[in-house]
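The values are calculated or read from the model by the stated rules, or taken from the named source; none is laboratory data. This one's a predicted model, so the numbers in the text were calculated from it and none came from an experiment. Cβ: placed from backbone, ideal geometry, glycine included. Neighbour counts: every protein chain shown. Just so you know, the surface numbers come from the protein's heavy atoms only, side chains and all, with ligands and any DNA or RNA stripped out. Shrake-Rupley method; radii C 1.70, N 1.55, O 1.52, S 1.80 Å.
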Amino acid sequence: MASTSKKKTSSPSCCDSSATTPPLPIRRDAATTSSLVRQDWTIPVHSPERRPVVDSLPEPSRTASATKTAIPVMLRAQTSHPLDPLSAAEISVAVATVRAAGATPELRDSMRFIEVVLLEPDKDVVALANTYFFPPFQPSLLPRTKGGPIIPMKLPPRRARLVIYNKRSNETSIWIVELSEVHAATRGGHHRGKVISSQVVPDVQPPMDAVEYAECEAVVKDFPPFREAMKKRGIEDMELVMVDAWCVGYHSDADAPSRRLAKPLIFCRTESDCPMENGYARPVEGIHVLVDMQNMKVVEFEDHKLVPLPPADPLRNYTPGETRGGVDRSDVKPLQIIQLEGPSFRVNGHYIEWQKWNFRIGFTPREGLVIHSVAYVDGSRGRRPVAHRLSFVEMVVPYGDPNEPHYRKNAFDAGEDGLGKNAHSLKKGCDCLGFIKYFDAHFTNFTGGVETIENCVCLHEEDHGILWKHQDWRTGLAEARRQVESYTICTPIHIYANSDVGLVIKEKDGKIEAEVKLTGILSLGALQPGETRKYGTTIAPGLYAPVHQHFFVARMNMAVDCKSGEAFNQVVEVNVEVEKSGEKNVHNNAFYAKETLLQSELQAMRDCNPQTARHWIVRNTRTVNRTGQLTGYKLVPGSNCLPLARPEAKFLRRAAFLNHNLWVTPYTHGEMFPGGEFPNQNPRVGEGLATWVKQNRPLEETDIVLWYVFGITHVPRLEDWPVMPVERIGFMLMPHGFFNCSPAVDVPPSACELDAKDHDAKDNNVAKPLQNGVLAKL
């Protein structure tokens, strides 16, 4: 459930240690400045002697026109990269534009803003921006044309995409707004947007919002039959009661999207004057509540089974001074990151350079962190693209208990709530260590206001042990290098009030590692005295934690060695096979890697197989390394699983994409989310990825999209209570023939040794700071 606590809204934050660099200088030809007033955004120039001409990026102080203080001021188009997330001002303009387009006051008042997000432009626009307007400033990114280079005068205006829920009519619509600088007088005052299109999407329900969750809790707690049911359980103080609204999913026609429904879970604290008490330690069972979220009223209620409230568990709390009888451990010494020369990364807006990597970061309310335009600068070969776009597009958590209410617990945390909207501000010292660059995230709330999550994404470096080491036994000489990783983190993500999920992207020695950190607290059920259940673990008297699974879907639009306009990638599956006995295997020890080209979508529906070390390689069909092999990047699975529910399970109607670990599709505009754009109460079977692949489109020499589904089966332990220590799952994108040798071989030696005197002295446990991001023990 989305957190109902208020998120801070403020001006952009100042990071504790900013790594931002000033904007790079822009080339300017004064002789042709007058041509910049043209509206054309590309002009072919036939003279090969002429150099690209671009308008200089204006300072914000010069772009702010004198307008009323209540009207957001839009900056010029070239001040924001086409992939930069929408600014707070742009969100305000988009909301104001859509509101002004409402035909009646009633229509405008009934608008609820589910999502306002950047409408990402075509890839050729991104290539133009990266060539002439923004880093990395590389004309080589563009293909040559017969008439000479294409010289852009300006980029096309940015656009916003809005998902609007009409609370009066129960309709969902999608709006496209152009964020131009055209000054238009409309209803409600001046604004700087233009509606390009609007379309009602029938038979869908958009994601829920934190405002709706808070209203649902209030409605349920004020419902007289509910109060009477709680009184039977000895609870009369409604301040103790916690109502967590869950989307109903789709189990029958009663859950059809003609109504906007929620089925809450109920919990109860023991002390009203202790807001930090772990109320999830006392689940209330036996009460069935169904809430009409459109009209905010209880439409079904039944107290069908009186289950006593679990007794207050003395080990239920986790705040300082409240654990294990109020005694916290005293044997943990602080750990600090010391970077005497600062970090190795450079930041220019949302453009990041770290060692030989460069990429852009974005943020959406649904996905959270997005990584754009990932490339590696490889010496004389220059900037080599690896991926267009990387993100997590869905998270599904099905529970394995068939009893009420747990069989309905199968949340689509991205599609029903939004991973990004439920992110929380990161705390220095706990979430991130060392020299940190923070990024804020802006999004709209339910009523159209702009909210800011300060320090939502952090960029920092961590020491990760030995990168490589070798000692020559003849000479006795040894070489060792430390492994310093760049972490781009969006964590913690607060999902359904009890679970926190950290999503981490790491780049190192040519590899890209995606990691999910599962933590938080368990979602529990109550037991009758003397009762046990085989579908969970009893963790305290009257309390059990049901078995469940967590699944994540990573969407990776690859671009291995592909410049703008090129689509020369293919996918190969690799399995290690044992050679048959015979002349080729007289010693019976032979095995080899067998490659199979995945030629079509249906052929590319694959599962992990650790017995054959199965992995998949995305290769460029027209680029070779020094040995003549095709360059590529391989997807290396980590630990993984498949759904344990039977194929007839109701939640699999909406989550057919969980049936395989790997799916491959050609890039198609609009194919973004594996369960379709609106999985909430979705009655359509297999909508999304499972339907798209039925076209069985070819996958040879195309713009490849990998959909990797990975998960974990959680059988709770007593040690997961009251807090669940982090469990890590993930995968790696690893170079495979992409480089001519190890990209880690030229990493310089670090100061890897501690001062012997300090290290050995028993009365001095303070080690001197280490350089190059290596951990220092205090």
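Leaving out ligands, DNA and RNA, what percent of the accessible area of segment 564-674 is carbon and sulfur, probe 1.4 Å?
51
For segment 231-379, what is the accessible area per residue in Å², given a 1.4 Å probe and the full set of protein chains?
Details: 6610 Å² over 149 residues.
Per-residue value: 44 Å².
Find out how many positive minus negative residues lie around residue 295, taking Lys and Arg as positive, Asp and Glu as negative, among other residues whose Cβ is under 14 Å from that of residue 295.
Result for the neighbourhood of residue 295: +2.
At 7 Å along the Cα-to-beta-carbon direction for both residue 532 and residue 228, put a label point, then send me their distance in nm to one decimal.
About 3.8 nm separates the two model spin labels.
At 1.4 Å probe size, with the rest of the protein present, what percent of the exposed accessible area of segment 348-462 is carbon and sulfur atoms?
Carbon and sulfur: 49 percent of the exposed surface of segment 348-462.
Residue separation times 0.36 nm, minus the C-alpha to C-alpha distance between residue 567 and residue 171: what's the value? Please list the in-between numbers first.
Values: separation 396, 0.36 × 396 = 142.56 nm, distance 3.88 nm.
Roughly 138.7 nm would be gained on extension.
Grab the Cα-Cα distance for residue 717 and residue 211, subtract it from 0.36 nm times how many residues apart they are, and report the gain in nm with one decimal. Intermediate results must be reported in sequence, preceding the final value.
Details: separation 506, 0.36 × 506 = 182.16 nm, distance 3.40 nm.
Contour length minus the Cα-Cα distance gives 178.8 nm.
Report ³J(HN,Hα) in whole Hz for each residue of segment 228-239, in order, from the Karplus equation J = 6.51 cos²θ - 1.76 cosθ + 1.60 where θ = phi - 60°; Gly and Pro get x.
Those phi angles translate into 5, 5, 5, 5, 4, 9, x, 10, 10, 8, 5, 5 Hz.
Just reorder 168, 159 by solvent-accessible area, largest first, 1.4 Å probe, all chains present.
Descending accessible area places them as 168, 159.
Using a Förster distance of 30 angstrom, determine the FRET efficiency expected from the C-beta separation of residue 607 and residue 200, and round it to 0.05. Could you put the intermediate results ahead of the total?
Details: r = 39 Å, r/R0 = 1.30.
So, using R0 = 30 Å, E works out to roughly 0.15.
Sorting 428, 534 by accessible area (1.4 Å probe), largest first, what list results?
Putting 428, 534 in descending order of accessible area: 534, 428.
Which of rounded, prolate, oblate describes segment 525-613, given a ≥ b ≥ c as roots of the alpha-carbon gyration tensor eigenvalues and a/c under 1.5 marking rounded, otherwise prolate only if a/b is larger than b/c?
On the way: a/c = 4.64, a/b = 1.67, b/c = 2.78.
Here segment 525-613 falls in the oblate category.
Indicate the gyration tensor shape class of segment 327-481 (rounded, prolate or oblate), computed on the Cα atoms with a ≥ b ≥ c the square roots of the eigenvalues: a/c under 1.5 is rounded; otherwise a/b larger than b/c is prolate and the rest oblate.
Prolate.
Starting from the Cα of residue 700, step 7 Å along the direction of its Cβ; do the same at residue 588; then give the gap between the two resulting points in nm.
Going from the residue 700 label point to the residue 588 one covers 4.0 nm.
Just to verify a number: FRET efficiency for residue 596 and residue 304, C-beta to C-beta distance, R0 = 56 Å, to 0.05?
Between residue 596 and residue 304 the formula returns 0.55.
At each listed q (0.19, 0.26 Å⁻¹), what is the log10 of I(q)/I(0) that the Debye formula gives for segment 307-389 modelled as equal alpha-carbon point scatterers?
-0.92, -1.23
Express in nm, to one decimal, how much length is gained between residue 727 and residue 669 on full extension, taking 0.36 nm for each residue of separation and deducting their alpha carbon distance.
Taking residue 727 through residue 669 to full extension adds about 17.4 nm, to one decimal.
So for segment 373-471, taking the charge dipole from beta-carbon charges (+1 Lys/Arg, -1 Asp/Glu), which of 452, 418, 434 sits furthest toward the positive end?
434
Compute the Cα gyration tensor for segment 245-309, then decide on rounded, prolate or oblate, letting a ≥ b ≥ c be the square roots of its eigenvalues: rounded whenever a/c is under 1.5, prolate when a/b is larger than b/c in the other cases, and oblate in all that remain.
Values: a/c = 2.63, a/b = 1.87, b/c = 1.40.
It is prolate, given that a/c is not under 1.5 and a/b is the larger ratio.
Mind checking the dipole of segment 320-470: about its Cα centre, +1 per Lys or Arg Cβ, -1 per Asp or Glu Cβ, Debye to the nearest 20?
660
Could you give the nm distance between label points at residue 332 and residue 256, where each point is 7 Å from its Cα heading toward the beta carbon?
The two pseudo-label positions are separated by 5.3 nm.
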